[in-house]
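Just below is one structure, and these are the notes that go with it.
The values are calculated or read from the model by the stated rules, or taken from the named source; none is laboratory data. Worth saying up front: this structure is predicted, and the values here are computed from it rather than measured. Glycine gets a Cβ as well: all are built from the backbone with ideal geometry, and neighbour counts include every protein chain shown.
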Amino acid sequence: MTAFDQYRMMRSHHLIFGYRGFLTNELIASILTLTESKLRDLPGPFKKKKSIINIIIEGLQNILYHGEAVEENGVLGHHCIFLMGQRTNEYFIQFGNFISNSHVSALSKKLSYFNSLKQDQVQKLYLDILEKGEITDKGGAGLGILRVIRDSGRTMDFSFVPVDERQSFFCMEIKISM
C-alpha cells in the first residue's frame, strides 16, 4: 500500500488525526497539542471542541493506567491506536489497546452498566463516586468513563477482539454530535 493509498483510505473514512504506536505519558502531551491544532481549523462550537479534548485525555489516560503495559528499549508503555474523525453532524473518537483477558468480563459489565444509565444518572453516579472516594486496585473508579459519557452526551460503542490466550484488543468509539 502506497502513501497515496493510505491517504485515500483515511480520507474515505473521514479521519482528521490518528496515531498508532507506543504510548507514554510524554507522548500524550504531543498528541493533545496536535489534536487541539486540528480542532481549531474545524467548524463547531468551542464547548464541543473542549468536550472532544476532555474525552481524548480520558481515553489516552485509560490506556496508560489500565492497558496491558510492555517494555520496549527500557521504556514502559502501551501499544495503542487513537483516531479522530468527522462524519455528517458528528465527530468520532476511537481508542484501541491491549488488555489482559482476565479483565475483559469485568470491564464489559462495567461499560454495559454505564451505557445503560440516563445522563442524569451518569452525573449522579459520577458525583457519588467522587464523594465516596471509591478507588480500585488499579487506581480507578470509573470516573474517566463516566466523564466520557457525560461529555459526549451519548453511550459508547466497545468491543473486545481476542488476540491470544493472554490478551485481547479493546476497541472503544465515542461519538459527539455537532
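Listing for the model above:
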| read-out | value |
| --- | --- |
| Tally, over the range 101-122, of residues that are more than 17 Å from the chain's Cα centre (by Cα) and touching a residue at least 40 places away in the same chain (Cβ under 8 Å) | 1 |
| Positions within the range 31-55 being surrounded by fewer than 20 Cβ atoms within 10 Å (Cβ to Cβ), among the hydrophobic types (A, V, I, L, M, F, W, C) and either within 11 Å of the chain's Cα centre (by Cα) or not in a helix (DSSP H, G or I) (or both), in sequence order | LEU42, ILE53 |
| Hey, ILE81 under 29 Å from LYS49 (Cβ atoms), in contact (Cβ under 8 Å) with a residue 12 or more places away in the chain, touching a helix residue (DSSP H, G or I) at 6+ places or on another chain (Cβ under 6 Å) and of a type outside the set (Lys, Arg) or not | no |
| Hits in the range 6-17 (condition: surrounded by fewer than 13 Cβ atoms within 10 Å (Cβ to Cβ) and hydrophobic (A, V, I, L, M, F, W, C)) | MET9 |
| Matching entry among GLU71, GLU90 (being out of contact with any Phe, Trp or Tyr (no Cβ under 8 Å at 6 or more places or on another chain) and modelled with pLDDT of 90 or more) | GLU90 |
| Flag if LEU107 is assigned to a helix (DSSP H, G or I), surrounded by fewer than 15 Cβ atoms within 10 Å (Cβ to Cβ) and modelled with pLDDT under 95 | no |
| Of residues in the range 149-174 being more than 11 Å from the chain's Cα centre (by Cα) and in a strand (DSSP E or B), the one nearest to LYS49 (Cα to Cα) | SER159 |
| So THR88, is it exposed (fewer than 12 other Cβ atoms within 10 Å of the Cβ) and more than 14 Å from ILE52 (Cα to Cα) | yes |
| The range 137-148: number of residues that are in a loop (DSSP other than H, G, I, E, B) and at pLDDT 90 or above | 0 |
| LYS132 being at pLDDT below 95 and either over 16 Å from ILE31 (Cα atoms) or acidic (Asp, Glu) (or both) | yes |
| Answer residue from the range 111-129, given it is surrounded by 14 or more Cβ atoms within 10 Å (Cβ to Cβ) and either among the basic types (Lys, Arg) or assigned to a helix (DSSP H, G or I) (or both) and is modelled with the lowest pLDDT among those | ILE129 |
| Complete set of residues in the range 56-84 that are within 19 Å of HIS13 (Cβ to Cβ), buried (at least 18 other Cβ atoms within 10 Å of the Cβ) and either in contact with a Leu (Cβ under 8 Å, 6 or more places away or on another chain) or of a type in the set (A, V, I, L, M) (or both) | ILE56, CYS80, PHE82, LEU83, MET84 |
| Given (1) surrounded by fewer than 16 Cβ atoms within 10 Å (Cβ to Cβ); (2) in a helix (DSSP H, G or I), index of the condition ARG20 fails | (2) |
